[in-house]
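Structure, as structure tokens:
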Amino acid sequence: PETLTVQELANRMSERAVDVVRLLMKQGVMKKITDLIDADTAQLIAEELGHTVRRVAESDVEEGLFDAPDAPESLKPRPPVVTIMGHVDHGKTSLLDAIRQTNVVKGEAGGITQHIGAYQVTSPLGGKITFIDTPGHAAFTAMRARGAKSTDIVVLVVAADDGVKPQTAEAINHARAAGVPIIVAINKVDKPEAKPEKVRSELLQYEIQVESLGGETLEVEVSAKARTNLDKLLEIIQLQSEILELKANPDRPAEGTVIEAKLDRGRGPVATALVQRGTLYQGDIVVAGSEWGRVRALVTDQGDTTPEAGPSMPVEILGFNGAPEAGDRIAVVENEARAREIADYRTRQKREQAAARAVVRVSGLEQMMS
Ligand code: GTP
Ligand code: MG
């Protein structure tokens, strides 16, 4: 398969691309600087120019990332990471907003979540809780698909005036598949037409039996609007998380997950990330997906810069060369060369996969036409 461009090959050897083109031409291969060449040709050219070639497999490149478990004695308690899920308009953002006592909803276009926010608050019992708001379940699925278990608890928001809806069921399935405990928050109980009892019985159909019906699932009736029972929700979350005994090693190179990323006009690529183990420092070299960079600044959910971010802390990372994708896993590596190697490798992987998909699509089309 054709895996890298002439330019990339030249870069890797610190040779001029025109020299590579010339050498290719000598071999009877006509390529432009931006053309792709296959690995065998690349090796031939590299050896011709006196370089030693080391072909790296995924296992080599990714070695040491994410795999090694931390020694039990290195683990320290960490805050729970809570994802708010539920049907459209059931009040996920309002609830989170009420908890934070800020006003995210008003700032959003049409009150619809434009992006995932991640925030940390302190529960009345004193523990910290990290919240992630989802615009849908796609991000959650993406994160899970990439093997990053980024959520410890799901708060399932169900509007008491609307009941269990398709996306409520979807959220239940996602939480189940991820093996994450669910806490039910029956929202909008301030509304005269609210029927929390109906929500409870509807949930039975999905094998969720809340405590008040004799089951084990923790529940709370809330109103984001009237600010009812918000402290109780936080207490329940903390109690649930204490049962889970969540721990991580803060004293190691950081690893985490990209929650969202964007290209900010003023600040360049900005990745909102959740640190999952280790501590991330300003100045660290990070890789996420096929992007890498040196951490120029870390910004908290309050908008303050911070020199470091430990386990379960959501933080904005400035300094990536390009915007990574939601769900990409982040790792700190020892130096820029290593970061570049991993990022380059993944770029090529992506290209190969895209090429393979294109071939499948074309052959599918041919089949349809014949
Ligand atoms: P999406 O992000 O679009 O899926 O919606 P969401 O679940 O985040 O819902 P959002 O917080 O945007 O709230 C939807 C609507 O319900 C808004 O008009 C809120 O003002 C209203 N709402 C949310 N919580 C409550 C509540 O407790 N009581 C009442 N009466 N209205 C609420
Ligand atoms: Mg929302």
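None of the figures in this text is laboratory data; all of them are computed from the coordinates on show. This structure is a prediction, so every number in the text was calculated from the model and none was measured. For neighbour counting, all protein chains shown are included, and Cβ atoms are generated from backbone atoms with ideal geometry for every residue, glycine included.
Remarks
- Ordering of 185-192, 245-252 by packing [mean C-beta count within 10 Å, highest first]: 185-192, 245-252
- Exposure proxy order (Cβ contacts within 10 Å, fewest to most) of 90, 174, 51: 51, 174, 90
- Cα-based reach from residue 225 at 22 Å (exclusive), listing lysines while leaving out same-chain residues under 8 positions away: 92, 106, 165, 188, 191, 195, 198
- The stretch 248-339: Cα Rg divided by the 2.2 N^0.38 Å rule of thumb: 0.93
- Here the 3J(HN,Hα) profile of the stretch 119-133, calculated from phi with Karplus coefficients 6.51, -1.76 and 1.60 at θ = phi - 60°, is 9, 10, 10, 10, 6, x, 7, x, x, 8, 9, 9, 10, 10, 9 Hz, Gly and Pro shown as x.
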